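Asks: Below is a structure I'd like to ask you about.
The values are calculated or read from the model by the stated rules, or taken from the named source; none is laboratory data. None of the values given here were measured: they were computed from a predicted structure. Ideal geometry is used to build each Cβ from the backbone, glycine not excepted, and the neighbour counts take in all protein chains shown.
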Amino acid sequence: MSRRGWWPSVVLGLLVVASAFPLYWALLASFTPEARLFQGPSLLPSDLVLEHYRALFTQRNFWIPIRNSLIVAGSTTAFCVAVGALCAYALARLEFRGKSLLLGFILAVGMFPQISVVSPLYMLLRSLHLINTYPGLVLPYLTFAMPLTVWLLVGFFRQLPAELEEAAMVDGASRLRAFWEVIVPLAVPGLATTAILTFVYSWNEFLFALSFTLGPDRQTVPVAIALFRGMYQVPWGQILAAAVIATLPVTLLVLAFQRRIVQGLTAGAVKG
Amino acid sequence: MPGAEPTGSVERKEARLAWGLALPAVSTILLVALFPLAWTFWESLHLHDLRMPWLERPFIGLANYLEAFGDPRFRGSLLHTVFFAATSVTLELVIGLWLALSLNRAFRGRGLVRAAVLVPWAIPTVVSALLWRFMFEGQTGIVNAALMDAGLLREPVVWFIQPNTAWVPVILADVWKTTPFVALLLLAGLQNIDSSLYEAARIDGASAWRQFRHVTLPLLKPAILVALIFRTLDAFRVFDLIYALTGGGPGTSTEPIALYTFNTLLQNLQFGYGSALSVIVFLVTFGLALVYIRFLGAELLGTRR
C-alpha cells in the first residue's frame, strides 16, 4: 500500500518534466543570443536578449502569417460550428433511416489521409483562381474540420437530457425552436470546446497550407516557420522565437479549457 | 435504421427535418472530400505532367500503378512509413499504458496531468519537429552535450547525416508529442472499469498480474483499439513531422510515403503519377482501418450507439 503512495507522484513528475523540457529549452533559447546557442548549453538562463523577437517582427514581418492563420482558422471554425451544429443535432437527437451509416461516413472521412486529396484540390483551386487566397485555404480545411466538428458535437448533444426539448415541445414549440431556445444555450460549453478544438486543428494544419500558398503574403504560421531555414544558415534563434509565438495561443486556449477538452476528446473514444 | 421504416407522419416529418439539418454539412463534405477523392482515382489513370503540357492528358489505365511498384524510391518510402508507424506506435502504446496504469491511482495532480498531456498534443507538429531538431542539432546541441556528460558518448554524433541516427529524433519527437494523448485515452478507459471487479478478483486471490491480465486488459480493449487505430492511421500519413525535422533526408532515407507523394505532385508536378501514389496511401490506410475493425473491433462498434 505504501508503494502506491509515492509511485504515481514519481511518474507524474517524470511526465511533467518530459513534456515541459523541450518547450522550456526552446523558450530559453529564443531569448539567448545567436552566437551562444551552440556554445556549451546551460540549463539556467543568463543574459537574455529580445533580438530574435525583434528580428521576427521587423525583418520577417511575422505578423503577416499570424494574421493569415487567424483569418483562415477563424473562418474555418465559424463555418464548421454553425453548419456542423445543425447536422450534429439531427444525428444526436432525431430518428431517421441511414443515421448510423451517415455517422460512420462522417467519421471515415475525418480519418482519411489529407495527401489523397491534394492533387484534385490543387487543380480545382487553380481553375477557380483560388491558389494563394484565404478561401483557397478555408475550403480544403473543411475536409478535416467539418467531420471533426460534427463528431465532437454529436457527443456533446447526446449528453444533454432528452426531457428538456420534449418539455418545450409539449408546450407547443417546434423541433427547431426547441433546438434553438433550449438546446443551443445549454450546449454553449460544448460548442465552445468544439470551436477551440477546430481552431487548434486549423491553426496547426500544415500540408494544405504548404500546398496551396505560393509566397509569404498568404502563408500560415506553421508554413512560415518551416520555411525559415535559409540555404546556408539556419536562424535558430528566430525559428524558436516563432515557435514560442505559434505555441502560445493554442497552449493558452487548451489550458484554459482543459477539463472540457479532455472530456470532448475522450468521450467519443471510450463511451461504449 | 434499416428495417424501421417510419410510418406515422410525425416520424416522416422528423426524418425530413433531420435530412434538412444534415444537408449543408453533408454536402460540404461531399464537395470538398468525396468528390476530390473520386477525382484522384480518375486522375491516377492518366498521364498528366504539368511540366509537359504538350503531352496533354492521355488515359493510360493502370500504368501509373505499375510504375509505382517498380519505383525503388516509392518502395523505400513505403518501407520507411511502415518502420516509422510500427516503431512509434508500439512505443506510444507501451509507454502510454504504463503511464495510464501508474496515474490511475493518483488522486492529486489531475490538473497537472491534463496540462502535461495537452500542451505537447496541442502545439503545431511543425513546431515540435523543430524543437527536436534543435535539441539534436550540431556537435554541441543539448542531446550531444547531455550524452557526453553522462559518459554515454565519447564524441558527439552528427545525428542528421546518417539514416540510422536520423530516425532517432523523428521517433522521439513523435513519441513525445502523442504518448501523453494515448495515456489520456487509456486513463479514461481505466476509469470506466468498475472497481468492484478488482475487489472480487482480490478476494479470489488473483495476483496483480492476473488482475491485469484478466480484468484490466479485456475491459480496456476498446480504449486500446481506439488509440491503436488513431495512432496507426496518423503514423501512416506522417508528413509535417518529417518535412520539418529531416526533410526526408539524408538523401531520401527517412522519406515517408506522404512526403514522396507531395514531392511528386508539387515539386515534380507529375499529377497522374502523384495521384496514383495518393490512391495507394488512401487504400493502405483504409485497409488498415478495416482490418483493425474486423479483427479487434466487432464489440466496439456493436456497443456504440
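Asks: Could you check how many residues of segment B:51-82 are surrounded by 14 or more Cβ atoms within 10 Å (Cβ to Cβ), under 31 Å from the mean Cα position of the chain (by Cα) and either of a type in the set (A, V, I, L, M) or outside the structural domain of residue B:239 (by TED's automatic domain parsing) (or both)?
Replies: 4
Asks: Against the definition (at pLDDT below 95 and more than 23 Å from residue B:116 (Cα to Cα)), how does residue B:213 come out, yes or no?
Replies: It is true that residue B:213 is at pLDDT below 95 and more than 23 Å from residue B:116 (Cα to Cα).
Asks: A further question on this structure: Which of the residues belonging to segment B:192-232 are within 9 Å of chain A (Cβ to nearest Cβ), over 21 Å from residue B:125 (Cβ atoms) and touching a residue at least 60 places away in the same chain (Cβ under 8 Å)?
Replies: Of everything in segment B:192-232, just one residue is within 9 Å of chain A (Cβ to nearest Cβ), over 21 Å from residue B:125 (Cβ atoms) and touching a residue at least 60 places away in the same chain (Cβ under 8 Å), namely B:222.
Asks: Can you tell me which residues in segment A:93-145 are crowded, with 22+ Cβ neighbours inside 10 Å and outside any helix (DSSP H, G or I)?
Replies: Result: A:112, A:113.
Asks: Follow-up question, since we're still on this one. When segment B:26-67 is examined, which residues are found to be of a type in the set (Val, Ile, Thr), away from chain A (no Cβ under 13 Å) and in contact with a helix residue (DSSP H, G or I) (Cβ under 6 Å, 6 or more places away or on another chain)?
Replies: none
Asks: Also, quick follow-up: Sort out which residues of segment A:53-75 are buried (at least 20 other Cβ atoms within 10 Å of the Cβ) and within 19 Å of the chain's Cα centre (by Cα), and write them in order of number.
Replies: A:65, A:68, A:69, A:72, A:73 - these are the residues of segment A:53-75 that are buried (at least 20 other Cβ atoms within 10 Å of the Cβ) and within 19 Å of the chain's Cα centre (by Cα).
Asks: Take segment B:233-256 and flag every residue that is touching a Pro at 6+ places or on another chain (Cβ under 9 Å), in a helix (DSSP H, G or I) and at the interface with chain A (Cβ under 9 Å from one of its Cβ atoms).
Replies: Matches in segment B:233-256: B:233, B:236, B:240, B:244.
Asks: Identify, from the list A:128, A:124, A:107, A:137, the residue that is under 25 Å from residue B:270 (Cβ atoms), under 21 Å from the mean Cα position of the chain (by Cα) and not small (Gly, Ala, Ser).
Replies: None of the others qualify; the one that does is A:137.
Asks: Okay, moving on. I'd like to know if segment A:239-256 contains one or more residues that are of a type in the set (Ser, Thr, Tyr), out of contact with any strand residue (DSSP E or B) (no Cβ under 7 Å at 6 or more places or on another chain) and in a loop (DSSP other than H, G, I, E, B).
Replies: No, that holds for no residue.
Asks: Right, something else. Given the structure, is residue A:78 in a helix (DSSP H, G or I), within 14 Å of chain B (Cβ to nearest Cβ), surrounded by fewer than 16 Cβ atoms within 10 Å (Cβ to Cβ) and within 23 Å of the chain's Cα centre (by Cα)?
Replies: yes
Asks: Name the pairs whose Cβ atoms lie under 6 Å apart, with the first residue in segment B:112-127 and modelled with pLDDT of 85 or more, the second charged (D, E, K, R), and 6 or more positions between them or separate chains?
Replies: B:120/B:177; B:125/B:240; B:126/B:240
Asks: Could you pull out the residue among B:90, B:28 that is out of contact with any strand residue (DSSP E or B) (no Cβ under 9 Å at 6 or more places or on another chain) and surrounded by 15 or more Cβ atoms within 10 Å (Cβ to Cβ)?
Replies: B:28
Asks: So, in segment B:12-25, of the ones that are more than 16 Å from residue A:101 (Cβ to Cβ) and facing another protein chain (nearest Cβ under 7 Å), which residue ends up modelled with the lowest pLDDT?
Replies: Checked segment B:12-25; the qualifying residue modelled with the lowest pLDDT is B:14.
Asks: Could you check segment A:21-56 and list, in sequence order, the residues that are over 13 Å from residue A:244 (Cα atoms) and within 8 Å of another protein chain (Cβ to nearest Cβ)?
Replies: A:38, A:39, A:40, A:41
Asks: Take residue A:13 and tell me if it is outside the structural domain of residue A:241 (by TED's automatic domain parsing) and part of a loop (DSSP other than H, G, I, E, B).
Replies: The answer is no for residue A:13.
Asks: A follow-up question, please. Select, from B:131, B:172, B:112, B:103, the only residue that is surrounded by 20 or more Cβ atoms within 10 Å (Cβ to Cβ) and closer than 30 Å to residue B:221 by Cβ.
Replies: It is B:103.
Asks: Still on this model: Applying the selection to segment B:156-178, what residues are β-branched (Val, Ile, Thr) and in contact (Cβ under 8 Å) with a residue 40 or more places away in the chain?
Replies: Answer for segment B:156-178, where residues must be β-branched (Val, Ile, Thr) and in contact (Cβ under 8 Å) with a residue 40 or more places away in the chain: B:161, B:170, B:171, B:175, B:178.
Asks: Within segment A:99-120, can you find the residues that are more than 8 Å from chain B (Cβ to nearest Cβ) and farther than 24 Å from residue A:137 by Cα?
Replies: Answer for segment A:99-120, where residues must be more than 8 Å from chain B (Cβ to nearest Cβ) and farther than 24 Å from residue A:137 by Cα: A:101, A:103, A:104.
Asks: Of the numbered conditions (1) of a type in the set (Ser, Thr, Tyr); (2) more than 10 Å from every other protein chain (Cβ to nearest Cβ); (3) buried (at least 23 other Cβ atoms within 10 Å of the Cβ), residue A:89 satisfies every one except a single condition; which is it?
Replies: Among (1) of a type in the set (Ser, Thr, Tyr); (2) more than 10 Å from every other protein chain (Cβ to nearest Cβ); (3) buried (at least 23 other Cβ atoms within 10 Å of the Cβ), the lone unmet condition for residue A:89 is (2).
Asks: For segment A:176-208, give me each residue that is touching a residue at least 12 places away in the same chain (Cβ under 8 Å), at the interface with chain B (Cβ under 10 Å from one of its Cβ atoms) and assigned to a helix (DSSP H, G or I).
Replies: Residues satisfying the conditions are A:179, A:196, A:197, A:200, A:201, A:203, A:204, A:207.
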